[in-house]
Amino acid sequence: MKVNYKNNTTSQTKLAVQEIISQWQQGNSTFELTTSGSTGKPKSISLSRDAVIASAQATLNFLHLERGTQALCCLPVNKIAGFMMVIRALVGQWQLTVVEPSNKPLEGLEGESFDFAAMVPYQVENSYLQLAQLKKLLVGGAPLRPQLEEKLKSLSLKVYHSYGMTET
C-alpha cells in the first residue's frame, strides 16, 4: 500500500494512519476504536483482525476493487469509516490518498481522479459538482435526502449507500 497525504492533512491524522499501519504490520489481533454514533451514542468497540479482513475483502469483492485501486480517504481514521478505508487499502494493496476530513473533501484535488471513495451525505452534497472525479462512491453514516438521491442518479459514477452497519 502506498499513502499520499494531500492539502492540509494534519500531523494528528498522519500519525493516526501510521498507527493503524503499524498495528497491522505488527499483526495485532484486535483493534480498538469508536463508532461514529450515526445511529445512537458512539460506542467503543473491539474488532478482531479476522473480522476487519473479512469486511474489507467483502467490500473489495462486491465493488470489484482490485490491487492498485486509487482511493480517497476523507473520513476520520479514528472512527470506523476512516479506519476501514485504511484497512481496505492494506488488504487490497491500494494507493490511498488521505485528506483531512471536511465538508468539501475534493476541494484542492482538482485534476485528480479516484477509483473509490467513501463519504457521508453532507460531504457528498457539498462535493456534488466534483463527484465526476470518482468512479465508485460508498455513502454512509446517515440516510440520503431524497433530492440528493435523485441528483446522484444523473451522474456516471456508481454510488452505494449503507449505514448503521458497524455493530453488525
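Convex hull over the Cα atoms of the range 80-121, averaged projected area in nm²? Before the final figure, lay out the partial values.
Values: hull surface 13.3 nm².
Answer in nm², one decimal: 3.3.
Got the relative contact order for the chain handy, in percent, Cα pairs under 8 Å and 6 or more residues apart?
Relative contact order of the chain: 22 percent.
Dividing the Cα convex hull volume of the chain by residue count, how many Å³ per residue is that?
So the per-residue Cα hull volume is 108 Å³.
Distance from the Cα centre of the range 68-87 to that of the range 94-168, in angstrom?
12
So what are the three principal axis dimensions of the range 1-66 from its Cα atoms, in whole Å, longest to shortest?
The Cα atoms of the range 1-66 stretch 34, 29, 26 Å along the principal axes, largest first.
Helix by helix, which DSSP H runs in the chain go 27 Å or more along their axis at the Cα atoms and have an average Kyte-Doolittle hydropathy of 0.5 or more?
Span-like helices, by this rule, are absent here.
If you only keep lysine pairs separated by 8 or more in sequence, or across chains, how many in the range 1-129 come under 29 Å at the Cα atoms?
Number of lysine pairs found: 15.
Name the shape class, rounded, prolate or oblate, that the alpha-carbon gyration tensor gives for the range 60-99, where a ≥ b ≥ c are the square roots of its eigenvalues, rounded holds for a/c under 1.5, and otherwise prolate holds if a/b is larger than b/c and oblate otherwise. Before the final figure, lay out each step's value.
Numbers: a/c = 2.16, a/b = 1.56, b/c = 1.38.
Since a/c reaches 1.5 and a/b is larger than b/c, the shape of the range 60-99 is classed as prolate.
Where a number appears in this text, it was derived from the coordinates with a stated rule and is not lab data. Predicted, not measured: the structure shown is a model, and the values here were computed from it.
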